[in-house]
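Asks: Have a look at this one before I ask anything.
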Amino acid sequence: MPKQGSAEVFRITGARKGLDEDVRGRQRRYVISMLARTLAVVLTIVLWDVERPLAVGTLVLGMLLPYVAVVVANAGRENAPSLPSSIVPTPYRTELPPSQTRPESAQSTNGPADGPR
């Protein structure tokens, strides 16, 4: 049994997301970006004879999205620098200072409570 002074207290808000949840989130972002790429390629085909500058823009977007999606998916686990520290220091109790009494002359400087008669 550890000593009371050396016990560590952990905050749950400082914990990172679980690995399964992290991987699921990365897969979701990858699938969404690939759907956007598919839409860009389809728009390129549809707009090629109608609006060529817009079709070229969607073609460039369709070419860049896979690179961005892979980089984002492989970025690694997220750190949470804005969260508080995950270890809370164990509080320690200090001794209260001895009470100090004031001298009698300093206790009543205004005279009696009901005033002069």
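Asks: Treat each spin label as a single point 7 Å out from the Cα along the C-beta direction, and report the residue 52 to residue 34 distance in nm.
Replies: Modelled inter-label distance: 3.4 nm.
Asks: Report the full-extension gain for the segment residue 70 to residue 45: residue separation times 0.36 nm, less the Cα-Cα distance, to one decimal in nm.
Replies: Roughly 6.6 nm would be gained on extension.
Asks: Another one. Suppose we look only past 12 Å in the calculated P(r) of region 21-62. What percent of the Cα-Cα pairs does that tail hold?
Replies: Summing the P(r) of region 21-62 above 12 Å gives 59 percent of all pairs.
Asks: Here's something else I'd like to know. Once the other residues with Cβ under 12 Å from the Cβ of residue 27 are scored (Lys, Arg +1; Asp, Glu -1), what is the net sum?
Replies: Surrounding charge for residue 27 is +1.
None of the figures in this text is laboratory data; all of them are computed from the coordinates on show. All figures in this text were calculated on a predicted structure; none of them were measured in a lab. Positions of Cβ are backbone-derived with ideal geometry, glycine not excepted, and every protein chain shown enters the neighbour counts.
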